[in-house]
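Each remark here refers to the structure printed beneath this line.
The values are calculated or read from the model by the stated rules, or taken from the named source; none is laboratory data. Given the structure is predicted, the values throughout are model-derived calculations rather than measurements. Using ideal geometry, Cβ is built from the backbone for each residue, glycine included, and neighbour counts are taken over all protein chains shown. Only protein heavy atoms, including side chains, enter the accessible area calculation; ligands, DNA and RNA are left aside. Shrake-Rupley method; radii C 1.70, N 1.55, O 1.52, S 1.80 Å.
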Amino acid sequence: MNNPHTRGIAGFVSGLHYDAIPREVRERAKLLILDSLGCALYGARLQWCRILQRTLGRLDRSRACAVWGTRQRLSAPHAALANGTQVQGFELDDVHRQGVLHVGAVVLPALVAVAELRRMSGREFLASAVAGYEIGPRVGLCMGPEHIGQGWHSGATLGVFSAAAGAARGLALDAGRTVHALGIAGTQASGLMAAQYGAMVKRMHAGRASQSGLYGALLARDGFTGIPDVFESEYGGFCTTFSRSQDRFKLSELTAGLGETWQTLGVALKFYSCVGSNHTTLDALRELQAERPFGAKDVKKIVVHASQVTLDHAGWRYRPAGIASAQMNLSFCAATLLLEGDCFVGQFDEKAVTDRARMALAEKVEVVADPEITGKGSKYRHAVRVKVELADGGVLERYVETPRGSEPNFASEAQVLAKFDKLALHALKRTQAAQLRDAVLQMEKLKDASRIAKLMTKGAG
């Protein structure tokens with residue numbers, strides 16, 4: 001079987017031990033985990049998440065695993081579906097910008113479910129989480145920005161591999177069974193970017209990917225087989241099929257630097273409640289306002305020079321079609337920041353979607369493809385050059401390559417904790433939120449990682 005990359009990933013995942021992970025990576029992973037859990041707790045109350053909770057509750061009477069931020073319990077696969085949807089529920093969760101993947105939303109729901117099914121220590125949980133955080137981004141690097149450019153929602157299509165890797169490591173599968181876990185997960189990969197134009201199902205993509213990865217690991221554990229060369233197969237493999245080619249992907253990226261270059265450190269956090277493609281523009285506007293104060297009424301026109309991927313992903317002309325469409329549209333988010341002073345959870349509700357002032361200002365924001373930025377590749381796909389023309393004739397310009405929360409400007413621990421508190425307190429009492437925070441930040445001391453799930457249950461503290 002010609003599957004060196006699939007086997008290479010499986011060998012890394014199955015053989016990853018806590019002590020082999022650099023301290024910097026372990027500490028970063030704990031902050032990333034805490035951020036995702038906070039996002040999920042906020043998501044528990046959202047309309048689309050509640051619909052999913054109710055529907056699954058009618059279908060599933062088992063009580064193996066917690067639905068975070070509620071008192072509800074479901075089977076492990078259904079809990080992963082619900083919890084992944086909650087993490088990605090309001091465009092707040094992490095993103096590996098170069099790998100084009102929301103990582104925590106797919107890794108953690110599957111892995112926490114595994115921790116509820118079988119006892120594992122905090123150290124084992126953390127090693128399993130890092131295994132998941134390492135693999136999905138590498139698949140994204142392999143596929144390149146063309147993957148999302150073709151209309152695939154990469155968080156869903158790539159996410160199955162992160163979920164499968166984390167769950168397989170959590171179940172202590174050997175390399176052979178991990179190959180099959182990846183192969184079962186990969187054939188379930190799906191997710192269409194057209195969901196970004198307002199559909200609730202966009203929020204569910206991460207949950208579905210996490211569920212698919214969990215199915216892959218659980219089935220492989222019991223001897224079910226998957227596609228053993230899921231990445232390498234020339235006909236019907238993941239890479240050839242999703243790229244529609246034999247060469248528009250780089251298989252070498254799948255295993256490049258495993259155990260040496262840690263993609264976990266490339267996962268960024270969000271401090272705006274909108275798609276990651278918009279954050280550099282929002283940062284640029286903030287910086288320009290600090291340089292020379294101006295408001296919405298002072299703006300004649302704004303031109304955002306961006307990569308082709310950003311134009312396709314977020315630069316379309318805004319049309320009100322739900323909160324998701326508002327959060328995904330760059331022009332509308334820029335207008336929101338200028339009119340509201342921020343672009344966080346308090347700025348998005350059903351009324352905001354059709355806010356006339358925001359829609360009028362969004363018409364003054366134009367996004368254009370910049371060949372120079374596009375030519376820099378996926379690492380710089382979110383880079384922008386923002387030009388603001390003011391009514392008094394003044395012109396301001398700012399180039400921003402990476403937004404707040406991304407390397408080399410990763411958030412401080414204090415910023416991560418502040419965001420967590422803002423979000424978690426929507427579902428948990430302050431004392432319970434503090435217990436959860438401490439459990440995650442001292443993960444290596446936990447004897448039983450299922451305590452995380454218990455502390456994510458409403459009223460358990």
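What to note about this one:
- Residue match in the stretch 284-292 (condition: out of contact with any helix residue (DSSP H, G or I) (no Cβ under 9 Å at 6 or more places or on another chain), in contact (Cβ under 8 Å) with a residue 40 or more places away in the chain, farther than 19 Å from F12 by Cα and surrounded by 22 or more Cβ atoms within 10 Å (Cβ to Cβ)): yes
- When the criteria are applied in full, E372 fails the requirement of being modelled with pLDDT of 95 or more, open to solvent by 40 Å² or more (accessible area, probe 1.4 Å) and in a strand (DSSP E or B).
- Scan of the stretch 313-330 for residues that are crowded, with 19+ Cβ neighbours inside 10 Å and either farther than 15 Å from Y380 by Cα or without any contact (Cβ under 8 Å) to a residue 12 or more places away in the chain (or both), ordered by number: A314, G315, Y318, I323, A324, S325, A326, Q327, M328, N329, L330
- Residue list for the stretch 391-408, filter: at pLDDT below 95 and either surrounded by fewer than 13 Cβ atoms within 10 Å (Cβ to Cβ) or in contact with a Gly (Cβ under 9 Å, 6 or more places away or on another chain) (or both): P403, S406, E407, P408
- Close Cβ contacts (under 8 Å, 6 or more residues apart or on different chains) running from residues in the stretch 161-174 that are buried (at least 24 other Cβ atoms within 10 Å of the Cβ) to residues that are assigned to a loop (DSSP other than H, G, I, E, B) and charged (D, E, K, R) comprise G170/R118.
- Tally, over the stretch 175-192, of residues that are among the hydrophobic types (A, V, I, L, M, F, W, C) and either in contact with a Cys (Cβ under 6 Å, 6 or more places away or on another chain) or open to solvent by less than 10 Å² (accessible area, probe 1.4 Å) (or both): 3
- For the stretch 64-111, the set of residues classified as surrounded by fewer than 24 Cβ atoms within 10 Å (Cβ to Cβ) and at pLDDT below 95 consists of Q98 only.
- Looking across the stretch 306-331 at every residue that is touching a Lys or Arg at 6+ places or on another chain (Cβ under 6 Å) and not in a loop (DSSP other than H, G, I, E, B), the one that is farthest from Q347 (Cα to Cα) is identified as V309.
- Tally of residues being in a helix (DSSP H, G or I) and open to solvent by 10 Å² or more (accessible area, probe 1.4 Å) across the stretch 112-132: 4
- Single match in V303, V388, V367 (criterion: touching a strand residue (DSSP E or B) at 6+ places or on another chain (Cβ under 9 Å), at pLDDT 95 or above, in a strand (DSSP E or B) and open to solvent by less than 10 Å² (accessible area, probe 1.4 Å)): V388
- Tally, over the stretch 199-234, of residues that are buried (at least 18 other Cβ atoms within 10 Å of the Cβ) and either part of a loop (DSSP other than H, G, I, E, B) or aromatic (F, W, Y) (or both): 10
- Contacts under 7 angstrom Cβ, first residue in the stretch 15-40 being at negative phi, partner part of a helix (DSSP H, G or I) and among the basic types (K, R), 6 or more apart: L16/R169; Y18/R123; L34/R437; D35/K419; G38/K419
- Among the residues making up the stretch 149-169, those that are closer than 19 Å to M204 by Cα and either in contact with a Lys or Arg (Cβ under 8 Å, 6 or more places away or on another chain) or acidic (D, E) (or both) are H153, A156.
- Restricting R203, R221 to residues that are farther than 30 Å from G315 by Cα and out of contact with any strand residue (DSSP E or B) (no Cβ under 8 Å at 6 or more places or on another chain) narrows the list to R221.
- Qualifying position, being among the hydrophobic types (A, V, I, L, M, F, W, C), part of a helix (DSSP H, G or I), modelled with pLDDT of 95 or more and buried (at least 24 other Cβ atoms within 10 Å of the Cβ), among A352, A360, A335: A335
- Among the residues making up the stretch 235-279, those that are out of contact with any helix residue (DSSP H, G or I) (no Cβ under 6 Å at 6 or more places or on another chain), open to solvent by 30 Å² or more (accessible area, probe 1.4 Å), closer than 27 Å to P403 by Cβ and not in a helix (DSSP H, G or I) are A256, E260, T261, F271.
- Scan of the stretch 447-461 for residues that are within 21 Å of R73 (Cα to Cα) and either of a type outside the set (K, R) or part of a loop (DSSP other than H, G, I, E, B) (or both), ordered by number: D448, A449, S450, I452, A453, L455, M456, T457, K458, G459, A460, G461
- Test result for A195, within 23 Å of the chain's Cα centre (by Cα) and surrounded by 19 or more Cβ atoms within 10 Å (Cβ to Cβ): no
- Given (1) under 25 Å from Q263 (Cβ atoms); (2) part of a loop (DSSP other than H, G, I, E, B), index of the condition E444 fails: (2)
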